[in-house]
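For reference, the structure discussed in these notes is given below.
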Amino acid sequence: MRATRATRWAGGPAVVLAAGVLLAGTRGPQANVQRPNQAQPDGERLVASLGCGACHEGVPEAEEIRLVSPAMGDGAAPLAPAYVFHYMADPQMIRPDIAPARMPRYDLTERERVALALFVTNERELRGVDEAFRAALERHPDADRAEGRILFQTLNCAGCHAHPDVAPSRNAPDLSLQGSRVLADWLAEYLSDPVTIRPSGPMPGLGGQMPDFRLASAEVSVITGYLMDRSAFAVAAWEPAEVSPFSMEKAETLLRDRWSCLGCHQLGDDGGRVGPRLDGIVHRLQPGYVRLLIEDPAHLAADIVMPGSLEQPDRLDLVASFLLRREVEWLGSDPVPGMPALPDTATGPKATAAVEAAMPRTGEALYLSRCAPCHGVDGSGDGFNAPFMPVPPVAHADSAAMSLRPDDTLYDGIHSGGWILGKSHRMPAFGKSLDNGQIRSLVAYIRTLCNCQGPAWSRDGRRP
């Protein structure tokens, strides 16, 4: 059975906050209220009016969305925390005059609603308090504005709601390639009932997830048609080969026991929670896109974290065919139990600001986007993806262990993957995606985490 929209990553927010308020033409209470002479907008206008461009590249961004969305924080009209707390549980139609903009529905926990209410109202004064909100405050006495700020940032609420303390950021996938990327039937189903695809966000640590705008069927059809007509460039047609039972088993063995794919992706009950599940992608993605993605993902998106493959084309053909021939129902991604959502973790402001710089060359930013999900933000080996690995990730902050490893050994592991060092094959090879300077910057940054150098015999005398 397909995962429901309630699937979310635990410990962090589940949806990206979009814009406005719920209004005419949507499902839910009061959905039948109509604006006089309201015409069905075309796809581009509807996408812009919903505020999709606040989070996604590749679609128009309507500046007016920020004009009709209430501002938050200092200088804004005061809001009672209790009102925000209840409203976020189930946003309802308030201003049908600004159709088709609307506030989407969330899957926020009670604690998250408390923290967000405290942050956006910029006070803890219990104006308009009721017993339900008072009881929630008592159940979560340590929920505070700092936690609400992280939530507001992770959901990209600032994409629509101006706030003096948080800048907007586009933290969702680029939609300019949808026509060559996904299948139309899947897209329509997804827009009708969004589920978690990327447990840790479009880039690891950014968090967020697609909200439910409670779109009417006509709106789903219009948006699907508009997005399916968009393609930044043509992806070559490719069809999966017929695969024998022996070859299917061989391909699965490569994925589970040889390649690094399951370091980030889930297959069945095995694998990481960084990227989308590999189960049932035949129902979601176009074959040509799958084949190109596993060989050269940077060709599709310059800032993608997924490394290019160093494998031979025939093996890539085999694995792509295996994934597209498996008779497995498509599912959303599993939640990530205990995924951190605090300032000193991969979802915090430091990590977010660095990752958003679109493939920066600094060692710290590269580490946060590619290494921290497993090795931890501070190199302690406790990243949110670490529990899903067959062996514990190396603790780069361990000076005793890291001082025994030459810089060249670290370089080889980053370039060619863990297997080259006799370590876990789940450690990806970044040699096709990162250049020499980027890998060297990663090595240098790891040295700052352990506050150590490699063994004396490995130094060439050029360093003190």
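The values are calculated or read from the model by the stated rules, or taken from the named source; none is laboratory data. If you're wondering where the values come from, they're calculated on a predicted model, not measured in any experiment. Virtual Cβ from ideal backbone geometry, glycine too; neighbours counted across all protein chains shown. The protein model used for the area step is the full one, side chains on, heavy atoms only, and it has no ligands, DNA or RNA in it. Shrake-Rupley method; radii C 1.70, N 1.55, O 1.52, S 1.80 Å.
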Where Lys and Arg each count +1 and Asp and Glu each count -1, what net charge lies around Y289 among other residues with Cβ under 15 Å from its Cβ?
-1
If each K or R counts +1 and each D or E counts -1, the residues other than D174 whose Cβ falls under 12 Å of its Cβ total +1
Any idea what the dipole of the range 253-313 comes to, in debye rounded to 20, about its Cα centre with Lys/Arg Cβ at +1 and Asp/Glu Cβ at -1?
120 debye
Dividing the mean separation of Cα pairs under 8 Å (6+ apart) by the residue count of the range 407-464 yields a relative contact order in percent of 28 percent
Just to be sure I understand the model, the point goes 7 Å from the Cα along the line to the Cβ. What's the resulting A167 to E311 distance in nm?
4.0 nm
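Applying a 10 Å radius around every beta-carbon, put 314-323, 237-246 in order of their mean neighbour count, most first.
The peptides rank, most packed first, as 314-323, 237-246.
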Under the 7 Å Cα-to-Cβ spin-label approximation, S217 and V129 lie apart by a distance in nanometres of 4.8 nm
How much of the accessible area of the range 97-182, probe 1.4 Å, is carbon plus sulfur, in whole percent?
49 percent
Quick calc, the range 188-336, dipole around Cα centre from Cβ unit charges on Lys, Arg (+) and Asp, Glu (-), nearest 20 debye, gives 240 debye
Rounded to the nearest 10 Å², what accessible area does K423 show when all protein chains are kept and the probe is 1.4 Å?
110 Å²
Around H299, under 12 Å between beta carbons, what's the net of Lys plus Arg minus Asp minus Glu among the other residues?
0
